[in-house]
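Trainee: The structure follows.
The values are calculated or read from the model by the stated rules, or taken from the named source; none is laboratory data. This is a predicted model, so every value here is computed, not measured. All Cβ positions, even for glycine, are placed from backbone atoms using ideal geometry, and neighbour counts span all protein chains on display.
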Amino acid sequence: MQREFYLDLARQGLRMPIGTDLVLHEKDDVDGILVDGYRLGQVVKEAARRYRTPLAVPHMDLMIEKTAMLELLEVPAPQIPTYHFSAPPSAEMVETVRRRLYEAPLNRRIQAQAGSVAYIAQYTDLLPIGMTIGPFSLMTKLIADPIAPIYLAGMGITAEEEPEVQMVEVTLDLSTMVILRSMEAQIEAGARAIFIAEPAANKVYISPKQIEQGSDIFDRMVMRYLRRIKAFLDERGVDLIFHCCGELTDEMVQAYASLEPVILSLGSSRVLWEDAQLVPKHVVLYGNLPSKRFYSDDLVTREQVEQLACELLQRMREVGHPFILGSECDVLSVQGCEQTIKEKVQAFVTCDCGQHG
């Protein structure tokens with residue numbers, strides 16, 4: 001798509017949640033839908049229609065690529081959710097993943113995700129969007145304690161000197177390999193944009209103090225791999241939608257903006273009208289209502305959601321930055337709280353801000 005498409009959506013005042021999970025959990029056969037591309041595509045379409053957006057944002061599941069990788073390495077299915085590498089993946093393991101990504105059938109969930117993209121591309125007028133986790137976030141799901149080796153690497157300790165640093169670096173390479181294959185499948189299915197969710201690439205895992213002292217650790221561990229992804233998308237004429245809802249420094253926000261995403265989605269820890277000074281005006285800012293707290297009125301009420309929405313809209317108009325009002329991440333369905341969550345989502349989508357200042 002042309003970048004102007006997204007800028008037009010911002011100018012038109014689009015408001016939307018990342019709400020596919022809410023629609024999915026209204027269905028009786030959630031597990032079955034998640035491995036059925038056609039039915040999953042119908043859910044994506046229903047979410048887009050409900051929230052009146054031309055963007056068909058897919059279901060966000062940040063375990064898909066981890067599962068795909070470990071299946072290729074023949075890790076037993078019950079162990080996959082909590083599995084961590086205990087040593088650096090060997091050259092043989094890396095080669096096994098590389099070979100099987102193209103020789104073996106793709107993981108069922110990747111196939112379904114690609115199938116849902118194909119459904120949107122073939123049967124709707126919505127923009128087909130693919131979804132993957134980011135390399136750094138995938139790495140953190142595969143290593144029990146990545147913080148210590150990342151800090152050592154920030155001190156200048158190399159993979160040759162420390163096996164834990166090597167484990168992080170090899171896992172990042174493996175993660176990127178699997179993510180690129182997942183993206184490729186979704187692009188072949190018709191995706192015209194890819195949504196990269198990289199929530200872990202934040203100051204919890206990367207020391208701001210080390211960066212301030214001149215370390216290039218954020219560039220080496222995060223941006224290097226994201227630039228590979230961006231180049232992959234650029235070669236195929238596919239747009240990047242980039243999401244990080246973690247705690248970020250200004251420098252991290254600027255680095256993500258340097259990827260030239262069409263949309264930059266940030267969490268509620270950020271003040272978007274201040275971030276507007278860090279992000280080029282041709283990059284649409286998206287977010288960042290505290291949707292992770294929508295499940296409880298003790299955390300945020302419907303009235304507060306409306307007030308926050310109107311403040312965001314007003315402030316972003318004042319700074320003159322292209323903006324789409326939305327959730328800080330995907331809005332998860334929480335059992336027993338479904339109606340409360342949906343009412344708050346609907347509140348920010350439809351509220352009349354003339355009544356809120």
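Trainee: Looking at the range 325-356, which of its residues are of a type in the set (S, T, N, Q) and either within 11 Å of R293 (Cα to Cα) or in contact with a Lys or Arg (Cβ under 6 Å, 6 or more places away or on another chain) (or both)?
Mentor: S327, T340
Trainee: Every residue in the range 302-357 that is under 24 Å from R49 (Cα atoms) and in a loop (DSSP other than H, G, I, E, B), please.
Mentor: Those that are under 24 Å from R49 (Cα atoms) and in a loop (DSSP other than H, G, I, E, B): P322, E328, C329, V331, L332, S333, V334, Q335, C337, C351, D352.
Trainee: Any idea which residue in the range 137-196 is surrounded by the fewest Cβ atoms within 10 Å (Cβ to Cβ), counting only those that are more than 30 Å from A121 (Cα to Cα) and of a type in the set (S, T, N, Q)?
Mentor: T158
Trainee: Pairs under 9 Å by beta carbon, first residue closer than 15 Å to E343 by Cβ and surrounded by fewer than 18 Cβ atoms within 10 Å (Cβ to Cβ) in the range 10-26, partner of a type in the set (A, V, I, L, M, F, W, C) and modelled with pLDDT of 95 or more, six or more apart or different chains?
Mentor: Listed by first residue and then by second, the contacts come to E26/V43.
Trainee: If you don't mind, another one. If A231 satisfies all but one of (1) in a helix (DSSP H, G or I); (2) of a type in the set (G, A, S); (3) under 30 Å from R52 (Cα atoms), what's the number of the condition it fails?
Mentor: Evaluating A231 over (1) in a helix (DSSP H, G or I); (2) of a type in the set (G, A, S); (3) under 30 Å from R52 (Cα atoms) leaves (3) as the failure.
Trainee: Which of the residues belonging to the range 65-89 are surrounded by 21 or more Cβ atoms within 10 Å (Cβ to Cβ) and either closer than 22 Å to E162 by Cβ or among the small types (G, A, S) (or both)?
Mentor: Answer for the range 65-89, where residues must be surrounded by 21 or more Cβ atoms within 10 Å (Cβ to Cβ) and either closer than 22 Å to E162 by Cβ or among the small types (G, A, S) (or both): just A68.
Trainee: Report those helices (runs of 4 or more DSSP H) wholly inside the range 3-111 carrying at least 3 residues which are of a type in the set (G, A, S).
Mentor: 37-50
Trainee: Going by the structure shown, is A114 over 24 Å from A144 (Cβ atoms), in contact with a Leu (Cβ under 8 Å, 6 or more places away or on another chain) and of a type in the set (G, A, S)?
Mentor: yes
Trainee: Can you pull out the residues in the range 40-53 that are surrounded by 19 or more Cβ atoms within 10 Å (Cβ to Cβ) and charged (D, E, K, R)?
Mentor: The answer is K45, and nothing else.
Trainee: Then there is this: Scan the range 278-311 for residues that are of a type in the set (G, A, S) and farther than 14 Å from S268 by Cα and report the count.
Mentor: 1
Trainee: Identify all residues within the range 208-240 that are free of Cβ contacts under 8 Å to residues at least 24 places away in the same chain and closer than 15 Å to L152 by Cβ; write none if there are none.
Mentor: K209, Q213, D216
Trainee: For residues that are closer than 30 Å to I206 by Cβ and outside any loop (DSSP other than H, G, I, E, B), tally how many sit in the range 112-159.
Mentor: 22
Trainee: Give just the number: which of (1) without any contact (Cβ under 8 Å) to a residue 40 or more places away in the chain; (2) not in a loop (DSSP other than H, G, I, E, B) does L299 not satisfy?
Mentor: Looking at each condition in turn, L299 falls short on (2).
Trainee: Would you say S182 is of a type in the set (G, A, S), in contact (Cβ under 8 Å) with a residue 12 or more places away in the chain and out of contact with any strand residue (DSSP E or B) (no Cβ under 9 Å at 6 or more places or on another chain)?
Mentor: no
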